[in-house]
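The values are calculated or read from the model by the stated rules, or taken from the named source; none is laboratory data. Predicted model only: the values in this text are computed from it and were never measured. With ideal geometry, Cβ positions are generated from the backbone for all residues, glycine too; neighbour counts draw on all protein chains shown.
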Amino acid sequence: MAYAVTQACCNDASCVSVCPVNCIHPTPEEREFGSTEMVHIDPRICIDCGACADACPVDAVKPIDLLRGPEEAYAALNAAWYDGTEPQEWGPPHFPAAPPAGARDLRVAVVGTGPSAGYAAQALVTAGVRVTMVERLSEAGGLIRFGVAPDHPGTRRIGSRFAALREHPRVKTRLGVEVGRDVTHQQLLRDHDAVLYAVGASDHRRLDVPGEELPGVVPARRLVGWYNGHPDAPRSVPLDTERAVVAGVGNVALDVARVLLTDPDRLAGTDIARPALAALRDSRIREVVLLGRRGPEHAAYSNSEMLELEHHPDLDVVRTEEPLADLPPAERPRVVLAFSSTLAAIEGEGRAERVRLVRPTGPETLEAGLVVPAIGFRGAPVPGLPFDDATGTVPHEAGRVVGGAAERAYVVGWIKRGPSGGIGANRQCAEETVATLLADVAALSARR
């Protein structure tokens with residue numbers, strides 16, 4: 001009974017390091033690792049030991065014989081990844097490099113408590129470093145707590161790993177402390193040997209179309225924060241409309257569409273914010289139109305996210321190249337995928353009421369009282385650090401901040417590499433930055 005990796009895969013490769021027969025690929029050392037949605041188990045080699053399932057932080061690895069419903073497709077998806085390849089030979093064991101001398105005497109401040117901060121703190125603690133995690137909000141968790149859809153409990157489960165880490169005797173957590181408001185970089189350096197920033201991408205990319213500032217236009221970042229209870233999110237979202245238009249076809253866009261159309265009774269068993277759940281019970285939205293500027297082959301959503309949407313019990317999925325106004329009325333809630341469609345303007349008297357589109361069939365006007373830009377996130381400047389406005393990142397060399405006055409500053413996650421990659425991508429990113437930090441300390445100690 002071989003195992004298979006399923007939708008919830010966070011791609012942090014925890015399973016790769018424990019597999020005794022090297023049957024999980026791509027590994028972090030392989031070129032494909034940065035471009036695949038998930039890792040895959042080769043059923044030809046799997047010896048059914050279950051080590052990968054035990055190591056998986058999000059319970060994404062399951063025996064093939066136990067897959068049910070939409071998850072059954074993952075048996076074939078895992079096997080298909082190896083089509084035309086020869087079974088891999090066992091690779092040499094990988095042992096992490098020993099921390100440099102003096103690491104156990106270090107104190108490092110990690111700004112943020114999301115996944116990139118968690119992986120960085122994990123690597124630092126493993127090296128014996130004492131860590132202070134600094135979070136501007138009154139609740140820890142970052143992207144895992146406030147960015148993952150509430151109906152994805154498997155993905156959220158990785159948060160328990162980082163919560164346990166924050167209880168480690170060498171880790172302290174300071175909540176409600178914002179760098180630039182409550183404390184400066186230099187002040188952090190008084191008590192720490194270095195400061196590592198894991199602040200994510202806290203802004204959103206703009207559509208730059210007329211009407212973008214109208215009430216009823218709610219960027220995906222803010223809407224996701226609304227249904228997850230983020231303290232900075234809007235208190236309400238306009239749901240008094242039969243149609244919502246989402247500009248974008250990435251995973252966040254699919255999350256938004258799914259949450260807006262899921263039966264609230266189903267959402268009641270999740271961690272969704274209770275005010276949002278109450279509002280969704282009174283929602284009039286019956287259709288969510290997702291706009292992709294290019295064809296479906298360029299869509300940014302993952303196969304697993306689309307599989308979940310297509311098998312959702314509460315809604316239908318429709319793809320169309322015809323004029324949207326020609327779609328027949330739906331008997332139940334639906335998601336409409338409209339590719340090769342450009343949002344040209346948002347119009348309305350005092351609020352968003354309709355959108356003007358440019359589609360292969362010609363210009364169209366579509367009624368919509370809720371418009372959600374979901375075309376990506378963007379990093380915001382960090383007080384005291386240099387900032388590249390073109391990329392929305394902090395300039396760095398392997399995680400070490402360069403080009404500014406801030407000393408002993410390091411970055412990890414989206415503020416380092418831009419808003420790309422899922423939760424698991426932060427593991428390798430963090431390990432690179434921590435390796436740089438520890439090497440800098442070793443070099444400094446050698447010169448003393």
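For region 175-186, does any single residue satisfy the condition of being assigned by TED's automatic domain parsing to the domain that holds A435, β-branched (V, I, T) and either under 21 Å from G424 (Cβ atoms) or in contact (Cβ under 8 Å) with a residue 60 or more places away in the chain (or both)?
If we filter region 175-186 for residues that are assigned by TED's automatic domain parsing to the domain that holds A435, which is where we start, we get 175-186.
Retained after the next criterion (residues that are β-branched (V, I, T)): 177, 179, 183-184.
Those left that are additionally either under 21 Å from G424 (Cβ atoms) or in contact (Cβ under 8 Å) with a residue 60 or more places away in the chain (or both): 179, 184.
Yes - at least one qualifying residue is present in region 175-186.
So is D265 more than 20 Å from the chain's Cα centre (by Cα) and not in a loop (DSSP other than H, G, I, E, B) or not?
Details: more than 20 Å from the chain's Cα centre (by Cα): yes; not in a loop (DSSP other than H, G, I, E, B): yes.
Spelling it out, D265 is indeed more than 20 Å from the chain's Cα centre (by Cα) and not in a loop (DSSP other than H, G, I, E, B).
With the checklist (1) of a type outside the set (V, I, T); (2) touching a helix residue (DSSP H, G or I) at 6+ places or on another chain (Cβ under 7 Å); (3) in a loop (DSSP other than H, G, I, E, B) in hand, flag the one item R258 doesn't pass.
(3)
Scan region 303-331 for residues that are of a type outside the set (D, E) and out of contact with any helix residue (DSSP H, G or I) (no Cβ under 9 Å at 6 or more places or on another chain) and report the count.
Restricting attention to region 303-331, the residues satisfying the condition of being of a type outside the set (D, E) are 303-304, 306-307, 309, 311-313, 315, 317-320, 323-325, 327-330.
Next, from what is left, pick out any that are out of contact with any helix residue (DSSP H, G or I) (no Cβ under 9 Å at 6 or more places or on another chain): 318, 323-325, 327-330.
Summing the residues that are of a type outside the set (D, E) and out of contact with any helix residue (DSSP H, G or I) (no Cβ under 9 Å at 6 or more places or on another chain) in region 303-331 gives 8.
On the basis of being in contact with a Phe, Trp or Tyr (Cβ under 7 Å, 6 or more places away or on another chain), under 25 Å from S341 (Cα atoms), buried (at least 21 other Cβ atoms within 10 Å of the Cβ) and of a type in the set (V, I, T), does V259 make the cut?
Numbers: in contact with a Phe, Trp or Tyr (Cβ under 7 Å, 6 or more places away or on another chain): yes; under 25 Å from S341 (Cα atoms): yes; buried (at least 21 other Cβ atoms within 10 Å of the Cβ): yes; of a type in the set (V, I, T): yes.
Here the answer is yes, as V259 does meet what is asked.
Can you tell me which of E331, E305, E349, E321 is outside any strand (DSSP E or B), assigned by TED's automatic domain parsing to the domain that holds V218 and touching a Phe, Trp or Tyr at 6+ places or on another chain (Cβ under 8 Å)? Let's see the steps before the verdict.
Values: E331 fails: touching a Phe, Trp or Tyr at 6+ places or on another chain (Cβ under 8 Å); E305 fails: touching a Phe, Trp or Tyr at 6+ places or on another chain (Cβ under 8 Å); E349 fails: touching a Phe, Trp or Tyr at 6+ places or on another chain (Cβ under 8 Å).
Criteria check complete, one pass: E321.
Condition check: over 21 Å from the mean Cα position of the chain (by Cα) and either modelled with pLDDT of 95 or more or of a type outside the set (G, A, S) (or both). Does R284 satisfy that? Give the steps one after another, and end with the answer.
Values: over 21 Å from the mean Cα position of the chain (by Cα): yes; either modelled with pLDDT of 95 or more or of a type outside the set (G, A, S) (or both): yes.
Criteria met by R284.
Inside region 339-384, can you point out the residues that are of a type in the set (A, V, I, L, M, F, W, C) and under 22 Å from L143 (Cα atoms)?
Here is the first cut: in region 339-384, the residues of a type in the set (A, V, I, L, M, F, W, C) are 339, 343-346, 352, 355, 357-358, 366, 368, 370-372, 374-375, 377, 380, 382.
Correct list: V372, A374, I375, F377, A380, V382.
Checking T365 against (1) closer than 25 Å to A299 by Cα; (2) in a loop (DSSP other than H, G, I, E, B); (3) outside the structural domain of G147 (by TED's automatic domain parsing), which test does it fail?
Looking at each condition in turn, T365 falls short on (2).
Failed condition for S236, given (1) crowded, with 21+ Cβ neighbours inside 10 Å; (2) of a type outside the set (F, W, Y); (3) not assigned by TED's automatic domain parsing to the domain that holds A430, with all others met?
Against the list (1) crowded, with 21+ Cβ neighbours inside 10 Å; (2) of a type outside the set (F, W, Y); (3) not assigned by TED's automatic domain parsing to the domain that holds A430, S236 comes up short only on (1).
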